[in-house]
Amino acid sequence: MNKYIEATQNGLVHTYNQFPIVLEKGEGVYLYDTEGKKYLDFAAGYAVSSLGYGNQELNDALKAQIDQLFHTSNLYYHTTCGKAAEDLKRVTGMDRIFFTNSGGEAVEGTLKAARKYAYKRKTGRYEFIAMKESFHGRSFGAVSVTGHDAYREPFEPLVPGVSFAEYNNLESVKALVTDKTCAIILEPLQGEGGINVASEEFMKGIRKLCDEEGILMICDEVQCGMGRTGSMFAWQSYGIKPDIMSMAKAIGSGIPVGAFAMTEEVAQYSLEPGDHGTTYGGNPLACTAVSKTVEIFERENLVSHVQEIGAYLSEQLDILVQESDCVTARKGKGLMQGIQVTKPTGEIANAALQEGLLVIGAGADVIRFVPPLIIEKEHVDEMIEKLKKVL
Ligand code: PLP
């Protein structure tokens, strides 16, 4: 057995079903293993590496920050945090940012922010409505609002007061509302749940319901955010605005960083000194990664690039649906898409690996495509060619 795989298997708690390759280096949209085999990356480390690998400008900024200062804790101000917050405020349109180290922590923060708001306003509200098939992370709060038994059952009892509605079914959400409902949390495009896009009627309906009932709307943009769906954040394409949102993954291009954001209306009644914190969150390295990522996104206009290449990917996947017996539908938008398949997704992903293509499953029967956002049409063609062989 490969020495790296053996060391990993002997050393780590066995919580991941890993593909049997050892990656060593990345360049653009390709990864290379220790044998020198090249892989076209349509997984981007779970929708993280949007700028691909080896972006010199990003790497230089990170190296310079390492030489200067990369940890202070939040006891002190430092030169990078305020700038990164300003950058995220500009691209989200939200008013207040809290930096975390991961997506799960960002979601955790959204839930605490909503609970604190209810506490301070003395509304007596504490319940959350979440969606079936949702995924929000692995910490207790995040898993408590994750709508999938496999993630929840081994860890019950979880945070009380959570109920689950059908995604894209407004009536099922309304049926769960009580005078104790504090917030409704949803992904505008469900990733792990099988690449399910929220309908406009659903998103607008939830916003209206929240306004009428005095409930906070939380959008989890950890996976679908930061340009991936063809708008900077997916909720922005619906003409609504959440009260609180989470983000992570692509905002730091692979440096571990997440954030949650809220409007000023929420912030004035929400978290205060002592309520929430993290030793590492928003450290200078993470904040440099955020600011540089945002700068590159804006300068290169990556969002319109995603619209263009996403439309091409849709066309090519639609053709695949027509041509291939085992592909029944295309799902998703932008560069967060998937195909519904009748063969086991694990078998397809493993066969793709042999062909030098990295893809991942989503939900029960979907193969997901979340490549670096810098891909070009030729990479879509290469992916389709490899996929056809696999299917
Ligand atoms: N929320 C969503 C929508 C996600 O897709 C994920 C991870 O895939 C998370 C939260 C958790 O993020 P992390 O793995 O960084 O804790």
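Segment A150..T79, full-extension length gain: 21.3 nm, with 0.36 nm per residue of separation and the alpha-carbon distance subtracted.
Placing pseudo-labels 7 Å out from each Cα toward the beta carbon at K388 and Y16 gives an inter-label distance of 3.3 nm. Shape verdict for the stretch 69-210, please, from the Cα gyration tensor: rounded (a/c under 1.5), prolate (a/b greater than b/c) or oblate. It comes out prolate by the Cα gyration axes. Cross-link pairs exceeding 25 Å between alpha carbons, from the set K89/K331; K89/K241; K37/K377; K89/K174; K37/K333: K89/K331; K89/K174; K37/K333.
A Förster distance of 45 Å, applied to the separation of the beta-carbon atoms of D60 and Q316, puts the FRET efficiency at 0.80. Sort the stretch 156-207 into rounded, prolate or oblate with this rule: let a ≥ b ≥ c be the square roots of the eigenvalues of the Cα gyration tensor; rounded if a/c is under 1.5, and if a/c is not under 1.5, prolate when a/b is larger than b/c, oblate otherwise. In terms of gyration-tensor shape, oblate. Pairwise over distinct Cα atoms, reciprocal of the mean inverse distance: report the Kirkwood radius of the stretch 1-138 in Å, one decimal place. This gives a value of 19.6 Å. Inter-part distance, the stretch 8-53 to the stretch 311-359, computed on C-alpha centroids, equals 20 Å. When the Cα atoms of the stretch 1-69 are aligned to their principal axes, the ranges along those axes come out at 38, 30, 22 Å in descending order. By the equivalent-ellipsoid construction on the alpha carbon gyration tensor, the chain comes out with semi-axes of 33, 26, 20 Å, ordered largest to smallest.
Here the stretch 1-40 has 50 percent of its accessible surface on carbon and sulfur atoms, given a 1.4 Å probe and all protein chains in place.
Solvent-free Debye calculation, one equal scatterer per alpha-carbon of the stretch 163-289: log10 I(q)/I(0) at 0.09, 0.17, 0.18 Å⁻¹ equals -0.28, -0.97, -1.06.
Report in % the part of the accessible area of the stretch 293-347 that belongs to carbon and sulfur, leaving out ligands and nucleic acids; probe 1.4 Å. The C+S portion of the solvent-accessible surface of the stretch 293-347 is 44 percent. Remark on the stretch 293-391: ratio of C-alpha radius of gyration to 2.2 N^0.38 Å is 1.08. Taking 7 Å steps out from each Cα toward its Cβ at Y119 and C326 produces label points 5.2 nm apart. Across the stretch 230-338, counting alpha-carbon atoms alone, Rg and Dmax equal 18.3, 58 Å. For the chain, what is the accessible area per residue in Å² when the probe is 1.4 Å? It amounts to 45 Å² per residue over the chain.
The values are calculated or read from the model by the stated rules, or taken from the named source; none is laboratory data. On a predicted model such as this, the values are computed, not experimentally measured, just so you know. Here the Cβ is made from the backbone with ideal geometry for all residues, glycine too, and neighbour counts use every protein chain on show. The protein model used for the area step is the full one, side chains on, heavy atoms only, and it has no ligands, DNA or RNA in it. Shrake-Rupley method; radii C 1.70, N 1.55, O 1.52, S 1.80 Å.
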